[in-house]
Amino acid sequence: MKPIKKEHLRRILVRAPNWLGDAIMCLPAIKALSRTIRPDELRVMAVSGLGDLFDRYKFITDVLHFKKENSTAAHSMLADANYDAIFLFTNSFRSSMDAMKTGCPVRVGYGGNFRGPLLTHPVGKTHGVHMVDYYLNLVNPFWGGVFSQNSDFPILPGEARFAAAIEGLNGAVAIPLGAKYGTAKCWPHKNLKSFIKLILNRSQRRIVLFGTAAERLQAEALEGAGKGRVINLVGATSIGQMAAVMGQCDWVVANDSGPLHVAGAVGVKTIGLFGPTDYRRTAPLAETVQIITKDAKCAPCMKRECPKDHRCMKNISAEEIYDIIAKHAET
């Protein structure tokens, strides 16, 4: 592996992953870059869908938000800014082409997908490791060391005020709906509705729903069946506001999704529901997160839509998830 002299890297660009969960799993690697190199500037380039995620970390100097369709233009506008290096935590061929547009003399990323000739320091892909280590392995070959795998999520003052203004969060169970990767990741509506009914019928807890505009109809149906104890925040929060509200709840129950990783980084007690994806590679590493998965022969299939009977998620019962919360309350 061709070495890189740290003293030559005073101004660094980082191309963040496009998905929220991956972006959070990438944070330990970005922090490792900051602590190892101690650059004068570390600027993160992130798609606008990641919103305010990176703006809260002191080891990040600045964040450039761009729309995915304007990616090439966003990278090209930096050509005269004289950055020393760009680290690519994305795997697409296009992102390596975009990296060349920045004019950075050092371009680090995983090879494959015909990217090697476009990178000055291509790294061989690692297989079968957790995604946190997958990202850290873009730092380790150049500056070996023991780096933390942990991600945190500092809450900003405005986000804390947003959460404080919502009544009934003490003891509440937060449920982020949906998963951007595809419906195969989602706990079926029937199971989810049964779980909410168990919470409302057997405890005094309230339910808090999060999600995007795509989940509004589902949220309205769940809210309507919620006996006035469902707080519907679907489409009404930023990532940081969602994190702040989660932090005031007692539990989070989430599909394998970006909000699951937010909950893990916040440190709230969390149950992660896994079916078609491999929890050994993508589950949050936080000790506060408990993973529930079923032994379906076809899982993990990594498909966006289930071509069969979705048994990997259907077999996670409402009673099972309710019992975890109820038994924890008894101890």
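May I ask for the percentage of alpha-carbon pairs in the chain that lie more than 39 Å from each other? List each step's numbers first, then the result.
Details: 9523 of 54615 pairs.
Cα-Cα pairs of the chain separated by over 39 Å account for 17 percent.
If I build a Gaussian network model for the chain, linking alpha-carbon pairs within less than 10 angstrom, which residue out of L88, L20, L198 has the largest mean-square fluctuation?
Its mean-square fluctuation being the largest, the pick is L198.
Over the stretch 6-136, what number does the Rg to Rh ratio reach, with both radii from the alpha-carbon atoms and Rh per Kirkwood? Before the final figure, lay out each step's value.
Numbers: Rg = 13.4 Å, Rh = 14.6 Å.
Rg/Rh for the stretch 6-136 comes to 0.92.
Among P17, P307, P154, which one moves the most in a GNM of the chain with springs linking Cα atoms closer than 10 Å?
Comparing P17, P307, P154 in a Gaussian network model of the chain, the most mobile one is P307.
Which pairs in the list K31/K269; K31/K68; K185/K308 are over 20 Å apart, alpha-carbon to alpha-carbon?
Numbers: K31/K269 24 Å; K31/K68 24 Å; K185/K308 13 Å.
Pairs exceeding the cut-off: K31/K269; K31/K68.
Please enumerate, by chain and number, the aspartates and glutamates with C-alpha under 19 Å from the C-alpha of K67, excluding those fewer than 8 residues away in the same chain.
Of all the aspartates and glutamates, those that pass the test against K67 - Cα under 19 Å, at least 8 places apart if same chain - are D22, D52, D55, D98.
GNM, the chain, Cα, under 10 Å: largest mean-square fluctuation among N137, N315, N82?
Of N137, N315, N82, the most mobile in the Gaussian network model is N82.
Can you give the convex hull volume per residue for the Cα atoms of the stretch 157-330, as a whole number of Å³?
Values: hull volume 18.9 nm³, N = 174.
Convex hull of Cα atoms, per residue: 109 Å³.
When Lys and Arg each count +1 and Asp and Glu each count -1, what net charge do the other residues less than 13 Å away from P105, Cβ to Cβ, add up to?
Within the 13 Å Cβ shell, the charges total +4.
Read the figures in this text as sums done on the coordinates, not as results from a lab. Not measured: the values here are computed from a predicted model. Because the Cβ atoms are built from the backbone with ideal geometry, glycine has one as well, and the counts that use them run over all protein chains shown.
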